[in-house]
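The values are calculated or read from the model by the stated rules, or taken from the named source; none is laboratory data. This one's a predicted model, so the numbers in the text were calculated from it and none came from an experiment. Cβ: placed from backbone, ideal geometry, glycine included. Neighbour counts: every protein chain shown. Calculation scope for accessible area: heavy atoms of the full protein, side chains included, ligands and nucleic acids excluded. Shrake-Rupley method; radii C 1.70, N 1.55, O 1.52, S 1.80 Å.
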Amino acid sequence: MPDLSCDALNCAHNKNRRCSINSIIVGGRYAKNSVGTCCKNFPEQTTPETLTSRELTDLSIDCQAKNCRYNSDCNCYANSVSIGGRDACECRETECSTFRKK
């Protein structure tokens, strides 16, 4: 299971800079760099009660960024993944900071 850190502090799934859901989708089919990607699971946190605290036992990352070297058959195979977007208010303001062009 990859280590998934998240700097999108406004995301409802962000729990202590870790993602608290077991499956995410990285968008950016034709991305040429990390700015062209996004976390499609980003929902803005509207109240503190929306935070989840579930412990993850398995994590899958569906990667639509076909130009990323870690993408194999639409799955991310990086050992460690980082989602950026510290002040993001919507999906398009996030990015997969781990993206590396093939």
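Annotations
- Within segment 1-22, the set of residues being open to solvent by less than 50 Å² (accessible area, probe 1.4 Å), of a type outside the set (A, V, I, L, M) and either under 13 Å from PRO43 (Cα atoms) or under 9 Å from the mean Cα position of the chain (by Cα) (or both) comprises SER5, CYS6, CYS11, HIS13, ASN14, CYS19, SER20.
- Every pair of residues 6+ apart whose Cβ atoms lie under 8 Å, when the first sits in segment 81-95 and is farther than 12 Å from PRO43 by Cα while the second is hydroxyl-bearing (Ser, Thr, Tyr) and surrounded by fewer than 18 Cβ atoms within 10 Å (Cβ to Cβ): VAL81/SER5; SER82/SER5; SER82/SER97; ILE83/SER5; ILE83/SER97; GLY84/SER97
- Residue tally, condition touching a Gly at 6+ places or on another chain (Cβ under 9 Å) and among the polar types (S, T, N, Q), over segment 14-33: 0
- Scanning segment 31-85 for residues that are part of a loop (DSSP other than H, G, I, E, B), closer than 23 Å to ASN10 by Cα, polar (S, T, N, Q) and modelled with pLDDT under 95 turns up ASN41, GLN45, THR46, THR47, THR52, SER53.
- Some residue of segment 65-83 being in contact with a helix residue (DSSP H, G or I) (Cβ under 9 Å, 6 or more places away or on another chain) and closer than 10 Å to ASP7 by Cα: no
- Selection count where residues are touching a Lys or Arg at 6+ places or on another chain (Cβ under 8 Å), assigned to a loop (DSSP other than H, G, I, E, B) and either of a type in the set (Val, Ile, Thr) or under 22 Å from SER72 (Cβ atoms) (or both), scope segment 1-20: 0
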